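The values are calculated or read from the model by the stated rules, or taken from the named source; none is laboratory data. The model shown is predicted, which means the values in this text are computed figures rather than measured ones. Here Cβ is always computed from backbone atoms with ideal geometry, including for glycine, and neighbour counts include all displayed protein chains.
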Amino acid sequence: MAASWERTAKPKSPRKTSKSEDKQEASSSNRGLDVEQRVCHSRTYRDQGDIPEAPHDWNSFGIGRVARLFRTNREGAIRLSLRKLHTRWWHASEHTMKRFLERVGVSQRVLDIIPGIVQTCRVCREWAKPGPSNSSNVEIADTFNLQVECDLIFIHKFIIFHMIDRCTRWHAAMVIPNKQEETLMKAIDTLWVATHGPPKELITDGESGIALSNLTK
Ligand SMILES: [Zn+2]
């Protein structure tokens with residue numbers, strides 16, 4: 001306490017104080033206008049979770065400071081700090097985060113927030129393992145030329161043969177003279193197979209005659 005008074009009695013030095021000194025000063029009061037202003041700055045900055053956004057300030061993000069924050073009831077700041085810890089620890093799992101924070105004496109109240117933080121992490125969700133329903137689902141074309149649809153469009157006296165890849169939506173079309181089997185086979189070859197190779201699955205509406213052709217099998 002005496003040391004603190006001594007420091008207060010000294011005239012304000014123009015030297016820029018470090019972040020931790022700033023905080024110490026912020027915690028005591030009545031030091032004149034200059035200090036009060038800085039206290040204000042310090043407060044807004046602290047309410048964002050005690051962890052500065054600027055990368056050069058990441059060094060000051062000590063676990064001790066975070067642990068102190070966790071003993072307060074500033075839930076917004078606590079959540080933000082947990083999220084930052086999660087990111088800083090290379091997207092640690094709920095289990096890892098809980099285990100570590102438990103060891104440094106973080107209360108159950110804070111530990112209970114962890115699952116929500118980890119489960120809502122955008123990065124973790126994007127990289128999550130696909131569930132069993134996502135694997136080997138034949139209905140969803142995830143590759144080019146896996147499922148290609150073809151159909152005929154009649155405009156006035158013209159017949160347009162149209163093909164589209166279900167995955168990429170890449171498509172191609174050409175005018176054909178008639179809808180005979182041979183004409184259609186030739187169109188498929190010219191439009192698609194010559195360029196992309198035969199599609200794994202050719203999907204038709206069943207009317208066009210392609211479905212019945214032995215050549216497509
Ligand atoms: Zn994550």
Task: Breaking point among (1) modelled with pLDDT of 90 or more; (2) under 35 Å from the mean Cα position of the chain (by Cα); (3) more than 30 Å from A67 (Cβ to Cβ), for W192 - done: (2)
Task: Criterion (among the charged types (D, E, K, R) and at pLDDT 85 or above) met by exactly one of K157, K217, K129 - done: K157
Open item on the list: List the residue pairs whose Cβ atoms are under 8 Å apart, where the first residue sits in the range 149-175 and is in the same structural domain as P199 (by TED's automatic domain parsing) and free of Cβ contacts under 8 Å to residues at least 12 places away in the same chain, the second is surrounded by 12 or more Cβ atoms within 10 Å (Cβ to Cβ) and among the polar types (S, T, N, Q), and the two are 6 or more positions apart or on different chains.
Closed with: none
TODO: Name every residue in the range 106-130 that is exposed (fewer than 10 other Cβ atoms within 10 Å of the Cβ) and more than 11 Å from the chain's Cα centre (by Cα), in order of residue number.
DONE: Q108, K129, P130
TODO: Just give me the residues in the range 172-182 being at pLDDT 90 or above and surrounded by 14 or more Cβ atoms within 10 Å (Cβ to Cβ), in sequence order.
DONE: A172, A173, I176
Open item on the list: Just the residues that are away from the ligand (no atom under 11 Å from the Cβ), hydrophobic (A, V, I, L, M, F, W, C) and assigned to a helix (DSSP H, G or I), please, taken from the range 83-125.
Closed with: F100, L101, V110, L111, I114
